[in-house]
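Undergrad: Encoded as structure tokens, here's the structure I'll be asking about.
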Amino acid sequence: MNKKTIRDVEVQGKTVFCRVDFNVPMSGKEVTDDTRIKAALPTIKHLTGNGAKVILASHLGRPKGEAVEELRLDPVANRLSDLLGQTVTKTDEVHGSEVNQALSEMENGDVLLIENVRFHPGEEKNDADLAKAFADMADLYVNDAFGAAHRAHASTAGVAEHLPAVAGFLMEKEINVLGQALSDPERPFTAIIGGAKVKDKIGVIDNLIDKVDHLIIGGGLAYTFIKARGYEIGKSLLEEDKIDLAKEYMKKAEDKGVNFHMPEDVIVADDFSDSANTKEVGIDSIPADWEALDIGPKTREKYDQIIKDSKLVIWNGPMGVFELETFANGTKAVANALANTEGYTVIGGGDSAAAVEKFGYADDMDHVSTGGGASLEFMEGKELPGVALLNDKE
Ligand SMILES: Nc1ncnc2c1ncn2[C@@H]1O[C@H](COP(=O)(O)OP(=O)(O)O)[C@@H](O)[C@H]1O
Ligand SMILES: O=C(OP(=O)(O)O)[C@H](O)COP(=O)(O)O
């Protein structure tokens with residue numbers, strides 16, 4: 001990576017505005033997976049250990065510019081305090097008098113976490129005033145939020161225009177490892193795309209088709225493709241206005257000789273719950289009132305074989321609603337296949353990383369990225385806004 005990092009700057013006595021990605025899975029007020037918090041610890045400890053005052057900023061969920069009680073960062077601050085072994089002060093504001101007061105009380109080595117930056121309507125608009133307000137709090141900007149580096153927001157991009165701006169250790173590691181894997185990919189190269197953020201992820205498929213040998217689709221994303229093939233999908237997740245795009249991508253894959261795989265069979269349920277009635281059905285038999293929440297056994301077997309025959313596998317997005325035991329088998333099977341392939345394996349995405357951790361396969365992967373959309377956009381060859389504005393190495 002040709003960007004400056006925290007190794008290249010003096011931080012003693014400085015106030016550092018450090019963007020992290022603490023967008024962690026939650027259940028009520030409990031952090032259910034702290035992978036992303038742990039991943040930021042080396043940077044935070046480097047800063048505190050070298051005498052900086054550290055202001056941490058993160059988003060959590062998608063509150064759309066207003067305060068949402070369940071998306072406050074207090075549980076994250078508590079978990080971070082435990083992990084760091086020091087008190088992390090948390091403000092209820094993103095900026096303003098409460099934050100300024102907390103800042104005035106900070107000593108070198110202290111850590112302050114400001115409230116969920118997406119409570120402020122200016123964050124996602126990359127509002128210039130908000131970016132300036134963030135910059136005015138500090139002497140240095142550090143971006144360690146690889147998971148949010150594909151967003152050009154006030155705390156990930158705008159703020160960097162006003163301060164010396166460098167990458168944290170996590171950002172550096174992600175860019176280096178992913179860049180290395182993709183510079184000259186070993187083949188067969190397989191990409192597996194699943195999850196629920198259809199709007200975000202469908203576009204990356206376009207560029208991935210130019211790079212991979214096998215493209216595997218699963219999770220909520222699959223049903224827009226299955227519908228595009230002309231099948232009825234009942235109440236399964238559908239992004240109606242992306243059906244044409246799905247058709248276009250399948251055509252492109254065919255034209256380019258890329259092997260495109262979508263589920264052949266699925267697990268359908270009459271309710272979105274662990275106690276729902278379920279059935280295994282072919283994709284031509286999804287009942288009108290049911291929704292497909294996992295891939296079926298034939299699909300699991302087929303995907304397992306492709307993964308085991310691959311030399312490089314990137315996986316982003318679970319194959320089903322893995323949080324519910326009843327619909328976790330597809331995601332488990334794919335995680336197991338990745339753990340047992342000889343190929344180099346890269347996992348991306350908050351939920352995929354959480355799934356791999358939950359099923360006990362994290363140590364068997366070559367790289368578990370903290371970014372889902374970010375790793376995909378990086379692997380597509382796009383320049384990430386959260387990286388572009390950082391200072392270049394001299
Ligand atoms: N068939 C499906 N229907 C609805 N939601 C699904 C389905 N398959 C997976 N999901 C959901 O997708 C979510 C993860 O999606 P996403 O955020 O895109 O993944 P990641 O965080 O790994 O990038 C999980 O919460 C999972 O329950
Ligand atoms: O969880 C995230 O993305 P991911 O689900 O693609 O890994 C990042 O924190 C970015 O969140 P966003 O997709 O709401 O901008």
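The values are calculated or read from the model by the stated rules, or taken from the named source; none is laboratory data. Since the structure is predicted, the reported quantities are computational estimates derived from the model, not experimental observations. We place every Cβ from the backbone using ideal geometry, glycine too, and count neighbours over all the protein chains shown. Please note that ligands, DNA and RNA were not included when accessible areas were found on the heavy atoms of the full protein model with its side chains. Shrake-Rupley method; radii C 1.70, N 1.55, O 1.52, S 1.80 Å.
Undergrad: Would you mind telling me the share, in percent, of accessible area of the stretch 275-394 contributed by carbon and sulfur at probe 1.4 angstrom?
TA: Numbers: 1990 of 4890 Å².
Percent of accessible area from carbon and sulfur atoms in the stretch 275-394: 41.
Undergrad: Out of ASN176, ILE217, VAL166, whose Cα points farthest toward the positive end of the dipole of the stretch 151-251 (charges: +1 Lys, Arg; -1 Asp, Glu; placed on Cβ)?
TA: ILE217
Undergrad: Given an 8 Å cut-off on Cα distances and at least 6 residues of separation, report the relative contact order of the stretch 56-193 as a percent. Walk me through the numbers before you get to the answer.
TA: Values: 177 pairs, mean separation 29.8, N = 138.
Result for the stretch 56-193 is 22 percent.
Undergrad: Taking every DSSP beta bridge that has both residues in the stretch 83-217, what percent is antiparallel when rounded to the nearest 5? Don't skip to the end; give the middle numbers.
TA: On the way: 0 of 10 bridges.
Of all bridge pairs located within the stretch 83-217, approximately 0 percent are antiparallel.
Undergrad: Can you tell which of VAL68, VAL99, ALA57 lies farthest toward the positive end of the dipole of the stretch 1-104, using +1 and -1 charges on the Cβ of basic and acidic side chains (Lys, Arg; Asp, Glu)?
TA: With unit charges placed on the Cβ atoms, the residue in question is ALA57.
Undergrad: For a 28 Å ceiling on Cα separation, which of these pairs sit above it: LYS242/LYS308; LYS211/LYS298; LYS90/LYS332?
TA: Where the Cα-Cα span goes over 28 Å, the pairs concerned are LYS242/LYS308; LYS90/LYS332.
Undergrad: Roll a 1.4 Å probe over the protein chains and send me the accessible area per residue for the stretch 1-121 in Å². It would help to have the intermediate numbers written out before the result.
TA: On the way: 5260 Å² over 121 residues.
Ligands and nucleic acids excluded, the result is 44 Å² per residue.
Undergrad: Ok, one more. Per residue, what volume in Å³ does the convex hull of the Cα atoms of the stretch 1-78 enclose? Show your work: numbers first, answer last.
TA: Values: hull volume 9.3 nm³, N = 78.
Cα-based convex hull of the stretch 1-78, divided per residue, equals 120 Å³.
Undergrad: I need the semi-axes of the equivalent ellipsoid of the chain: take the C-alpha gyration tensor, multiply each eigenvalue by 5, square-root it, list largest first in whole angstrom.
TA: Three semi-axes, in Å: 38, 22, 19.
Undergrad: With every protein chain kept in place and ligands, DNA and RNA left out, what is the accessible area per residue of the stretch 160-219? Probe 1.4 Å, answer in Å².
TA: Working: 2160 Å² over 60 residues.
Accessible surface, normalised per residue, equals 36 Å².
Undergrad: Also: Taking the Cβ of GLU264 as the centre, find all other residues whose Cβ is under 9 Å away and add up their charges (Lys, Arg: +1; Asp, Glu: -1). Kindly include the intermediate steps, with their values, before the conclusion.
TA: Numbers: positive: LYS298, LYS302; negative: ASP265.
Local net charge: +1.
Undergrad: Note down the magnitude of the dipole of the stretch 1-87 about its Cα centre, charges +1 on Lys and Arg C-beta and -1 on Asp and Glu C-beta and zero elsewhere, to the nearest 20 debye.
TA: On the way: 14 positive and 11 negative charges, 85 e Å.
Rounded to the nearest 20 debye, it is 400 debye.
Undergrad: A further question follows. May I ask which of LYS14/LYS382; LYS38/LYS201; LYS252/LYS302; LYS45/LYS132; LYS251/LYS311 have a Cα-Cα span longer than 29 Å here?
TA: Details: LYS14/LYS382 33 Å; LYS38/LYS201 26 Å; LYS252/LYS302 22 Å; LYS45/LYS132 26 Å; LYS251/LYS311 25 Å.
Violating the 29 Å Cα-Cα cut-off are LYS14/LYS382.
Undergrad: The stretch 97-176 to the stretch 42-56: how many Å between their Cα centroids?
TA: 14
Undergrad: Could you sort 179-185, 372-378, 306-312 so that the peptide with the highest average Cβ count within 10 Å comes first and the rest follow in order? All intermediate terms of the calculation are to be shown ahead of the outcome.
TA: On the way: 179-185: 12.7, 372-378: 25.4, 306-312: 19.6.
Descending mean neighbour count gives 372-378, 306-312, 179-185.
Undergrad: Right, something else. Can you tell me which of 187-194, 207-214 comes out highest on packing, and rank the rest after it, using the mean Cβ neighbours within 10 Å?
TA: Details: 187-194: 22.8, 207-214: 18.6.
Packing order, densest peptide first, comes out as 187-194, 207-214.
Undergrad: Given springs between every Cα pair under 10 Å in a Gaussian network model of the chain, which of ASP366, ASP351, ASP255 has the largest fluctuation?
TA: ASP255
Undergrad: Next question. May I ask what percent, to the nearest 5, of DSSP beta bridges between residues of the chain are antiparallel? Could you put the intermediate results ahead of the total?
TA: Working: 12 of 50 bridges.
Restricted to the chain, the bridges split so that about 25 percent are antiparallel.
Undergrad: How large is the charge dipole for the chain, taken about the Cα centre, if only the Cβ atoms of Lys, Arg (+1) and Asp, Glu (-1) carry charge, to the nearest 20 debye?
TA: Working: 43 positive and 68 negative charges, 135 e Å.
For the chain, the charge dipole is close to 640 debye.
Undergrad: Let me ask you something else. Going by average Cβ density within 10 Å per residue, which order do the peptides 331-339, 11-19 take, highest to lowest? Don't skip to the end; give the middle numbers.
TA: Details: 331-339: 24.1, 11-19: 20.4.
Most protected by this proxy first, the peptides run 331-339, 11-19.
Undergrad: For the chain, modelled as a GNM with alpha-carbon contacts under 10 angstrom, which of ASP271, ASP294, ASP241 fluctuates the most?
TA: ASP241
Undergrad: Here's a follow-up. List the aspartates and glutamates whose alpha-carbon lies under 14 Å from that of LYS393, not counting same-chain residues fewer than 8 positions away?
TA: ASP8, GLU172
Undergrad: To the nearest 500 deg cm²/dmol, what mean residue ellipticity at 222 nm is calculated for the chain from DSSP H runs of n ≥ 4 alone, each contributing -39,500 (n - 2.57), summed and divided by the residues?
TA: On the way: 14 runs with 138 residues, N = 394.
Helices in the chain give a 222 nm mean residue ellipticity of -10000 deg cm²/dmol.
Undergrad: Which GluC sites (Glu not before Pro) from the stretch 180-260 combine a DSSP loop assignment with at most 16 other Cβ atoms within 10 Å?
TA: Values: sites: GLU186, GLU232, GLU239, GLU240, GLU248, GLU254; in loops: GLU186, GLU232, GLU239.
The qualifying sites are GLU186, GLU232.
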